[in-house]
Structures are given as C-alpha cells and as structure tokens.
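Presented below is the structure to which this report refers.
The values are calculated or read from the model by the stated rules, or taken from the named source; none is laboratory data. Predicted model, so just to flag it, every value in this text is computed and none were measured. Ideal geometry is used to build each Cβ from the backbone, glycine not excepted, and the neighbour counts take in all protein chains shown. Side chains are part of the model used for accessible areas, which takes the heavy atoms of the whole protein and leaves out ligands, DNA and RNA. Shrake-Rupley method; radii C 1.70, N 1.55, O 1.52, S 1.80 Å.
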Amino acid sequence: GAVHGQSRPRSSWTLPVVTHQACYSRAVMPIACSAVAPARACNVSSRRSCVESHRSRQSASRASGCRVVTCSLPSVSSPKTVTLVRHGQSTWNEEGRIQGSSDFSVLTRKGEAQAERTRQMLDGESFDVGFRSPLRRASRTAEVIWGARNGAALVDLWVLREIDLYSMQGLRKQEGKSKLGVQYAAWKAAPADFEIDGHFPVRELWERGAECWQEVLRGEGKDVLVVAHNAVIQAMTANALGLSPEYFRRLEQSNCGVTQFAFDTGGRVELLKLNQTDSPPVLGNLDDATKRGVFICTTSDEAGDTKNEATA
C-alpha cells in the first residue's frame with residue numbers, strides 16, 4: 001500500500017472513495033477522522049502468513065533489526081462486521097501522561113460523556129458479541145456502549161490491552177523528554193525502530209494486532225463490538241489493510257472514535273468507517289483546519305502474490 005498525506009484534521013470530514021479491484025486497486029480515504037464511505041482492501045488470503053510463534057518472531061526481530069511484517073488474518077465461516085472503538089478520555093489523557101498498558105487511569109467526566117454519545121451513535125447496531133480490553137478506561141467505555149443489550153456478556157481479552165511501553169509508562173510527556181532525551185526523540189521520530197528495555201514496542205504491537213484478529217474473528221457472532229485503545233486499534237487496522245509498523249501514528253483513533261470492517265467468506269476485507277466520531281464536519285474557512293488524505297493501493301507481482309509497499 002502507499003499512503004500520501006498531509007497533516008491530520010482537527011475534525012470530521014470525508015473524501016470520495018475510488019476503488020478498482022483487479023491486479024491493481026486504489027482507495028482514497030481520510031485519516032484520523034470520519035470516513036463513512038466503504039473502501040476495499042487487499043485479499044487477506046494471499047497475504048504472507050505468520051508461521052512462527054510469537055516469541056520466535058520477537059527474538060528474530062530483535063536479533064536482525066528487521067521490520068515486523070503484517071500477518072494473514074483468519075478466514076471466516078460466515079460474513080462478519082467488526083466495529084472497533086477507542087475508549088473515552090481518561091485521567092492520564094487529560095494529564096498528558098504516557099499510559100501504555102498500565103491500568104491506573106479511569107474515564108474523566110468528558111470520557112463518560114463521549115462513551116454515552118458513542119452509545120447513541122451505535123444504537124442501531126445489532127451487536128451480538130462484544131470484546132473489550134480489561135484495562136479500566138476501556139472496560140468502562142465498553143459497559144456504557146453495550147448498555148442494556150441482551151445476549152452474551154462482554155468478553156475481556158488481554159491481547160486488546162494498549163501498547164506495552166515498559167519504563168516509559170506513567171511519565172508525563174515533558175518528563176519523557178527530560179529523562180530519556182535522545183531515546184524519547186527516537187520514539188517520536190521513528191516509532192517503528194524505537195527500542196526500550198530490550199523491546200521494540202511498535203513491532204511487538206503489530207504482531208499482537210494479528211493475534212487480536214485471531215481472537216475476534218474465530219468467535220461466534222456476525223456483528224462484533226471491540227472496545228480497546230488507540231495504538232492497538234491502529235495495529236489491527238494496519239493488519240487488516242496490509243500496512244507495516246511504519247504506519248504507526250498515521251491511523252490514529254480519537255477518544256471514542258469508531259472504525260469498522262466487514263469480512264466475507266472469500267477472504268475480502270472492506271473498510272466501512274475510519275475513526276468516525278460524533279464531531280461535526282469542519283465549519284467555516286477550511287484554511288483554518290489541517291487535513292490529511294490517505295492513498296492505499298495493492299499490487300500483484302507476476303506470480304500473483306499481493307505486495308504492499310508502503311511509502312509516506
């Protein structure tokens with residue numbers, strides 16, 4: 001895939017979607033804001049599969065310094081729609097702390113209100129199963145959105161936790177700059193190559209994004225709700241679209257932003273929404289707002305294998 005963009009928008013807007021399905025396909029859609037028109041992604045059945053264990057891939061990645069590739073998604077026995085929602089604003093969001101997979105923050109009043117508005121926005125969705133991160137900020141958001149729905153209870157999945165940031169967790173962003181210096185600058189400038197405490201957090205997260213899809217898609221139910229976190233939803237979205245870890249921060253989720261995919265039995269994935277919120281479209285002078293567009297394409301080589309070559 002290839003993505004070309006400018007800076008991120010301040011509020012919701014949409015672009016037309018153009019899709020061609022053959023050996024070469026293109027889709028144009030916005031990043032980090034409302035994208036309600038469907039855009040087709042690559043055929044996941046032809047994507048490179050991950051055959052090694054999670055630990056073996058991690059060790060090889062650390063040893064060689066190579067990028068972690070996206071993993072093939074499991075096939076589904078019947079069509080599924082999966083709705084991904086980020087949690088509402090948390091206390092550490094408000095304080096500007098690095099949360100990672102820590103579980104010390106809870107929803108603010110604003111976060112509770114965001115969750116309620118998202119519940120109303122998704123009221124027409126007939127979810128028959130719901131998965132959530134067990135971290136409190138996501139767990140509470142899921143409870144609000146799920147509301148009084150009948151059927152199975154929400155299922156906690158540890159793989160849906162936020163990115164593991166190890167010793168950076170809990171630091172205010174200014175503290176990160178002063179305590180970690182060059183290392184923090186590397187986190188901001190090249191997150192896919194960032195290393196801390198012997199780990200490559202973004203590469204590990206991309207592998208876990210594929211594990212999340214394994215858990216979500218193998219379950220029963222045709223209309224699935226998943227409530228999690230910004231970074232892990234980025235990783236899931238990227239895995240579904242065949243995008244590498246270099247796309248971290250280009251697929252950002254707003255608090256309570258909604259991203260939605262449709263999966264069919266033929267191995268196709270359709271992106272229905274990308275970070276849709278209840279915010280109104282940009283009003284007034286468009287020059288006062290920054291914008292980003294994304295261009296995604298997949299190509300097939302002579303052997304028929306799908307390739308995704310990401311360039312910014």
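When you look at Ala189, is it modelled with pLDDT of 95 or more, under 25 Å from Arg250 (Cα atoms) and surrounded by fewer than 19 Cβ atoms within 10 Å (Cβ to Cβ), yes or no?
Spelling it out, Ala189 is indeed modelled with pLDDT of 95 or more, under 25 Å from Arg250 (Cα atoms) and surrounded by fewer than 19 Cβ atoms within 10 Å (Cβ to Cβ).
How about region 192-201: which of its residues are hydrophobic (A, V, I, L, M, F, W, C) and more than 11 Å from Phe248 (Cβ to Cβ)?
Result: Ile196, Phe200.
Checking the conditions here, which among Glu175, Glu252, Glu246 is touching a residue at least 40 places away in the same chain (Cβ under 8 Å), among the acidic types (Asp, Glu) and over 23 Å from His87 (Cα atoms)?
Answer to the check: Glu246.
Tell me, which residue of region 259-269 that is open to solvent by 40 Å² or more (accessible area, probe 1.4 Å) and not hydroxyl-bearing (Ser, Thr, Tyr) is nearest to Ala240 (Cα to Cα)?
Here is the first cut: in region 259-269, the residues open to solvent by 40 Å² or more (accessible area, probe 1.4 Å) are 264-266, 268.
Narrowing further to those that are not hydroxyl-bearing (Ser, Thr, Tyr): 264, 266, 268.
Numbers: Asp264: 13, Gly266: 14, Arg268: 10 Å.
Selected residue: Arg268.
Which residues, counting only those in region 238-258, are farther than 23 Å from Glu94 by Cα and crowded, with 23+ Cβ neighbours inside 10 Å?
Of everything in region 238-258, those that are farther than 23 Å from Glu94 by Cα and crowded, with 23+ Cβ neighbours inside 10 Å turn out to be Ala238, Asn239, Ala240, Leu241, Gly242, Leu243, Pro245, Tyr247.
Scan region 100-135 for residues that are touching a His at 6+ places or on another chain (Cβ under 9 Å) and either open to solvent by 40 Å² or more (accessible area, probe 1.4 Å) or part of a loop (DSSP other than H, G, I, E, B) (or both) and jot them down.
Answer for region 100-135, where residues must be touching a His at 6+ places or on another chain (Cβ under 9 Å) and either open to solvent by 40 Å² or more (accessible area, probe 1.4 Å) or part of a loop (DSSP other than H, G, I, E, B) (or both): Ser101, Ser133, Leu135.
One line per residue, one yes/no per condition, for (1) surrounded by fewer than 18 Cβ atoms within 10 Å (Cβ to Cβ); (2) out of contact with any Gly (no Cβ under 6 Å at 6 or more places or on another chain); (3) outside any strand (DSSP E or B); (4) polar (S, T, N, Q):
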{"residue": "Ser139", "(1), (2), (3), (4)": "no, yes, yes, yes"}
{"residue": "Ala142", "(1), (2), (3), (4)": "no, yes, yes, no"}
{"residue": "Arg149", "(1), (2), (3), (4)": "yes, yes, yes, no"}
{"residue": "Ala152", "(1), (2), (3), (4)": "yes, yes, yes, no"}
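Can you give me the number of residues within region 202-218 that are over 15 Å from the mean Cα position of the chain (by Cα) and open to solvent by less than 20 Å² (accessible area, probe 1.4 Å)?
1
With respect to Glu162, determine if the residue is acidic (Asp, Glu) and either part of a strand (DSSP E or B) or surrounded by fewer than 22 Cβ atoms within 10 Å (Cβ to Cβ) (or both). Outline the logic, then answer.
Details: acidic (Asp, Glu): yes; either part of a strand (DSSP E or B) or surrounded by fewer than 22 Cβ atoms within 10 Å (Cβ to Cβ) (or both): no.
No.
Out of region 244-278, which residues are more than 11 Å from the chain's Cα centre (by Cα), farther than 23 Å from Ser78 by Cβ and in a loop (DSSP other than H, G, I, E, B)?
Ser244, Asn255, Cys256, Thr277, Asp278
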